[in-house]
Amino acid sequence: MTAPLRLSSFVALCALLICSALIAVTLGPADISTGEAWSIVLHHLGLVPESPVSRLRDAIVWELRLPRVMVASGVGAGLALAGAVMQALTRNPLADPYLLGLSSGAALGAVTMLLSGAALLMPIGAFFGALFALGLALGIAQLLGGATPSRAILSGICISALASAATSFLIFWSSTGDSYREILAWLMGSLSGSLWSDVALVAGALALCSPVVLYSARALDAFVFGDVSAASLGIDVSRLRWILLVATALLTGIMVAIGGAIGFVGLVVPHAVRLATGARHRVLLPWSMVVGAIVMLWADTAARTLFDPRELPVGIVTALVGAPIFFFVLMRYRRVT
C-alpha cells in the first residue's frame, strides 16, 4: 500500500468511526433519528440555543447512549494498542493484554476494591493489579534464567491462572444476592452504566499512554528482530521495554476497570490491520487504535440491541466474532508464510 493510499484510507477509517458513533446513538428501544441525535449533541456543545426534542429523549442520547458509545470506542482503541505493543515486545503473535496476566491482575485489583466498598478506586486497583501481575510474571521469568519472551509468556500464564482463581475466590466468598451476578456480568465484559466520568477516565489513559507508545514506533520495529538488534541501533532496550510495559499495564488496568475482561480485541485487531498495512508500527499502531474503536463500538451496540430487552456481556460478542476472524487471519498468514 502506497503512502498516499495509506493516508486516505486512514482518514476514511476515522470518518467511518464518527459515522458509526452517530448511527450507534440512534439504535435502541427509543426510536431517535440521526438528525435528532445531531441536534442534541450540538445543543449541549452550545451551537444550538434550544434542544428540539423532549428532555427524556435528550437524556437518552446525552446521558446514556453517547457516553457509552465513546467509552466503547476508547476501550477498543486502548485494548488494540496494548495488544500491538505486547506482540512486538514479546515477539509473540499470540500476545494480547491477557498475556503476562495483565487483564487477570487488573480484574483482581478492581474486584478487590469493589468488594471492599471502594468502587470509586476500581481504576487505581486495576492499574496496580495489572502492574503487580506484570512485575510478578517478569520476576518469575528472571528467576528461571532470564526474562526471554517464551519464559515471560509461560510465567504470565501461571500468574493469569493464579489471579483468576483469586478473583473467583473473592467473589465466591464475599458476594451476596444479586451482587454475585452483577460482578460476573462485569467480568465477562459490560459497558452498561457508562458515564461521562468514565469517558474522561478512558480519554485520560489514552492521552497519557498513546503518545509514549506512538513515539516508540520505530523502536518497536527494532524489537521485532530481537534485543541485540535493537541495542545495536542505539536503543536502551531495558529502559524502553519497562516504559512500554508500564504504559500497557496502565492502559489495560483502566480499560478492565471500566469494561471488565474483554477478550480478542487486543489479539485480533493488530493481526487484521497488519494484513492491510504491513508490520511497520508507525502505521500499525494508529490504524489498530481506530479499527479497535470501530470493532468495539459495534460489538457493544450489538450486545445491547440484538436481544433487547436483555443485554449480552460484550465479551461474549467479541469472542463470537473474534474467534472466526482470528481463524481467517491464521489461514492468511499460513498462505503468506
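The values are calculated or read from the model by the stated rules, or taken from the named source; none is laboratory data. Small disclaimer: the values here were computed from a predicted structure and weren't measured. Methodologically, a virtual Cβ is constructed for each residue, glycine included, from the backbone with ideal geometry; neighbour enumeration extends over all protein chains shown. Only protein heavy atoms, including side chains, enter the accessible area calculation; ligands, DNA and RNA are left aside. Shrake-Rupley method; radii C 1.70, N 1.55, O 1.52, S 1.80 Å.
Annotations
- Scanning the stretch 116-128 for residues that are open to solvent by less than 60 Å² (accessible area, probe 1.4 Å) and not in a loop (DSSP other than H, G, I, E, B) turns up Ala119, Met122, Pro123, Gly125, Ala126, Phe127.
- Any chance Leu245 is surrounded by 18 or more Cβ atoms within 10 Å (Cβ to Cβ) and among the hydrophobic types (A, V, I, L, M, F, W, C): yes
- For the stretch 257-282, the set of residues classified as assigned to a helix (DSSP H, G or I), closer than 22 Å to Ala203 by Cβ, open to solvent by less than 20 Å² (accessible area, probe 1.4 Å) and in contact with a Pro (Cβ under 8 Å, 6 or more places away or on another chain) consists of Ala257, Gly266, listed by residue number.
- Any hit, the stretch 75-92, residues being over 21 Å from Ile294 (Cα atoms), part of a helix (DSSP H, G or I) and open to solvent by 30 Å² or more (accessible area, probe 1.4 Å): no
- Candidate set: the stretch 172-213, residues that are open to solvent by 70 Å² or more (accessible area, probe 1.4 Å), farther than 18 Å from Gly253 by Cα and outside any loop (DSSP other than H, G, I, E, B); chosen: the one modelled with the highest pLDDT: Trp196
- Selection status of Phe326, out of contact with any Ser or Thr (no Cβ under 6 Å at 6 or more places or on another chain), open to solvent by less than 70 Å² (accessible area, probe 1.4 Å) and modelled with pLDDT under 85: yes
- The set of residues from the stretch 283-317 being open to solvent by 50 Å² or more (accessible area, probe 1.4 Å) and modelled with pLDDT of 90 or more comprises Val295, Trp298.
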